[in-house]
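Taking it in order: structure first as structure tokens, then the write-up.
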Amino acid sequence: MQNTDCAYICEQFTEYQENSLPSEIRAKVDAHLASCSSCREIFQSLSGVLETLHNLPSVKATTDFTSTLLSRIDTLNQETTWQRIYHSSYSKVAGYAIAAGLIVAIGINILIDPISSMKPGLKSNFAVEQTNQIQSDESLAEITDSSASHAADSLTLQNATINSQNQSVQLVSGKK
């Protein structure tokens with residue numbers, strides 16, 4: 001198509017084919033088609049398609065087609081919303097998407113180890129677990145007390161007994 005006249009003429013194709021255009025517009029279309037080879041080719045191509053469609057054999061439905069169709073529609077209308085969702089292909093796609101997302105999340109979690117050794121000079125935001133070997137001559141209070149080396153500020157474990165209704169627990173020092 002070359003311009004807006006061509007676009008207008010092509011919009012008139014259906015009515016032109018059905019002979020339903022007013023005579024003055026039909027005369028305009030005929031005059032344009034006589035002078036414009038592009039629009040003439042479009043009209044000929046579309047006319048060929050219509051002719052092919054009209055020459056197709058007609059399709060005949062079986063005698064019980066209508067009753068079968070209505071029965072299937074009734075069956076579909078009786079399904080609950082959850083049944084329709086379950087039977088739809090979208091639920092399967094959503095399930096696969098959720099599974100893929102979980103696999104990716106687990107993979108990322110495995111690849112990123114927050115407790116791994118960091119580059120020198122970087123501070124970690126994660127707590128680091130420290131283990132201390134308990135010496136046989138130290139009490140638990142002395143090991144966990146950061147100021148155990150200062151006698152005046154050290155925690156000491158006193159021998160004591162905790163009594164309840166039917167039980168008693170005696171706390172003893174680890175020193176011998």
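Tell me, what is the FRET efficiency for ASP30 and SER58 to the nearest 0.05, using R0 = 41 angstrom and their Cβ-Cβ distance as r?
0.80
Which GluC sites (Glu not before Pro) in segment 1-94 pass both tests, a DSSP loop state and at most 16 other beta-carbon atoms within 10 Å? Mind showing how you got there, number by number?
On the way: sites: GLU11, GLU15, GLU18, GLU24, GLU41, GLU51, GLU79; in loops: GLU18, GLU79.
Listed in order of number, the matching sites are GLU18, GLU79.
Taking neighbour counts of Cβ atoms within 10 Å as a proxy for exposure, in what order, fewest first, do VAL169, VAL59 appear?
VAL59, VAL169
Shape of segment 4-54 from its Cα gyration tensor (a ≥ b ≥ c, root eigenvalues): rounded if a/c is under 1.5, otherwise prolate when a/b > b/c, or oblate?
Oblate.
Do any trypsin sites (Lys or Arg not before Pro) in segment 1-99 lie in a loop, going by DSSP, with at most 15 other beta-carbon atoms within 10 Å of their beta carbon, and if so which?
LYS60
Throughout, read-outs are computed from the coordinates displayed, never taken from laboratory work. What you are looking at is a predicted structure, and each value in this text was computed from that prediction instead of being measured. When we count neighbours, we look across all protein chains shown, and the Cβ atoms used for this are built from the backbone with ideal geometry, even at glycine.
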